[in-house]
Amino acid sequence: MPTNSRPRIAIPMPHSIDHEYAERAIPQYERAIEQAGGEPVRIPLDQTPAEVVKIIEHCDGVLLPGSNADVDPSRFGAARSPHTAAADSRRDTVDDLLLQDAYNTRKPVLGICYGLQSLNVYRAGSLIQHIPDFLPEDLRTRVDHEAGKKVAVAHAVEIENDSRLAEIVKREDWGGHGFSRTDATAGKSLALVPGENKLLLPVNSSHHQSADAIGDDLRISARCPDDGIIEALEGTTPDHFVLAVQWHPERSVEEDAPSRAIFRALIQAAEARPK
């Protein structure tokens, strides 16, 4: 890649039917990629697979964004929960094409919220279809995972200290400031503190599903410390950057150093990938 060329990051449109949602959501991801030094490339959901493949051949990395759809539970062998939203088969088809190309050619992958779930199912994992139905009754109200944009910091995540995600967020200069779990839920969003082989990071939250059984060649890199819900996955292949987070770092890149670091890591991996 020429030194003056920015890595091109393929981003599928978030939804094929709810166009108002898709057009409202995708600019945040595009801005985050641009700020990190990449060039976002919208991948339409109304093209044939052959047409999509032609577009993604010229991309250097993949960002799988959130969606207001849910992955079809038949894809991981489960009966549909009454809380499961309608599937978006066109989005799933494009995600699968992007992931197939990324795994074949070692293009870096970043999944966000629905993107984590899509990645996990693609890798033969499964999902919790509705978190409150999964948790014991005494844990169901500890964390509102569906808090949405109205809550800047919904809860903390504990990041495994030996993970790629920990390496990414620890690159930032925190100036020696830390916070407790209580501080995190109170809304202090710009601090990080070492724990027992984990790092504690406050995040936003807009999901009612999460990963359950973990897909092939993936590992858990973060959980919610209050209820154990999986909050981040990453690939286990050393020469292939694969990272997925259950929260929305694109919403907080202006204020939050770890959010910026996640997008920069994707761009750096795309730049470093042998062509």
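The values are calculated or read from the model by the stated rules, or taken from the named source; none is laboratory data. What you see is a predicted model; the values in this text were computed from it and never measured. Please note: Cβ atoms are built from the backbone with ideal geometry, for glycine as well, and neighbour counts cover all protein chains shown.
Kindly indicate the residue of segment 156-169 that is in contact with a strand residue (DSSP E or B) (Cβ under 7 Å, 6 or more places away or on another chain), outside any helix (DSSP H, G or I) and of a type outside the set (Gly, Ala, Ser) and also farthest from GLN209 (Cα to Cα) among those meeting that condition. Quick ask: steps written out before the conclusion?
Within segment 156-169, the first condition is being in contact with a strand residue (DSSP E or B) (Cβ under 7 Å, 6 or more places away or on another chain), and the residues that meet it are 156-161, 163-166, 169.
Add one more test, that the residue is outside any helix (DSSP H, G or I), and what stays is 156-161, 163.
Filter once more, keeping what is of a type outside the set (Gly, Ala, Ser): 157-161.
Values: VAL157: 16, GLU158: 18, ILE159: 19, GLU160: 21, ASN161: 25 Å.
It comes out as ASN161.
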key: Evaluation of PRO82 against (1) over 22 Å from ARG223 (Cβ atoms); (2) surrounded by 14 or more Cβ atoms within 10 Å (Cβ to Cβ) (one fails), failing number   = (2)
request  = Scan segment 104-155 for residues that are under 15 Å from the mean Cα position of the chain (by Cα), more than 19 Å from GLY77 (Cα to Cα) and assigned to a strand (DSSP E or B) and report the count.
outcome  = 4
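Does segment 68-89 contain any residue that is in contact with a His (Cβ under 8 Å, 6 or more places away or on another chain), touching a residue at least 40 places away in the same chain (Cβ under 8 Å), assigned to a strand (DSSP E or B) and under 30 Å from GLU39 (Cα atoms)? Before you say what the answer is, go through the steps one by one.
Of segment 68-89, the ones in contact with a His (Cβ under 8 Å, 6 or more places away or on another chain) are 68-69, 81, 83-84, 88.
Among the residues that remain, those that are also touching a residue at least 40 places away in the same chain (Cβ under 8 Å) are: 68-69, 81, 83-84, 88.
Those still in the list that are assigned to a strand (DSSP E or B) too: none.
No: segment 68-89 contains no residue that is in contact with a His (Cβ under 8 Å, 6 or more places away or on another chain), touching a residue at least 40 places away in the same chain (Cβ under 8 Å), assigned to a strand (DSSP E or B) and under 30 Å from GLU39 (Cα atoms).
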key: Verdict on ILE214 being among the aliphatic types (A, V, I, L, M), under 16 Å from the mean Cα position of the chain (by Cα) and in a strand (DSSP E or B)   = no
query = If we keep just the residues of segment 141-150 that are on the phi < 0 side of the Ramachandran plot and touching a residue at least 40 places away in the same chain (Cβ under 8 Å), which is surrounded by the most Cβ atoms within 10 Å (Cβ to Cβ)?
reply = HIS145
ask   = Just a yes or no: is a residue in segment 241-252 at pLDDT below 95 and among the hydrophobic types (A, V, I, L, M, F, W, C)?
value = no
note = In segment 4-59, anything surrounded by fewer than 18 Cβ atoms within 10 Å (Cβ to Cβ), farther than 25 Å from THR105 by Cβ and either touching a Ser or Thr at 6+ places or on another chain (Cβ under 6 Å) or among the acidic types (Asp, Glu) (or both) is listed as ASP18, GLU20, GLU23
ask   = Got a sec? Which of ASP101, ASP72, ASP95 is of a type outside the set (Gly, Ala, Ser), surrounded by 17 or more Cβ atoms within 10 Å (Cβ to Cβ) and within 28 Å of HIS130 (Cβ to Cβ)?
value = ASP95
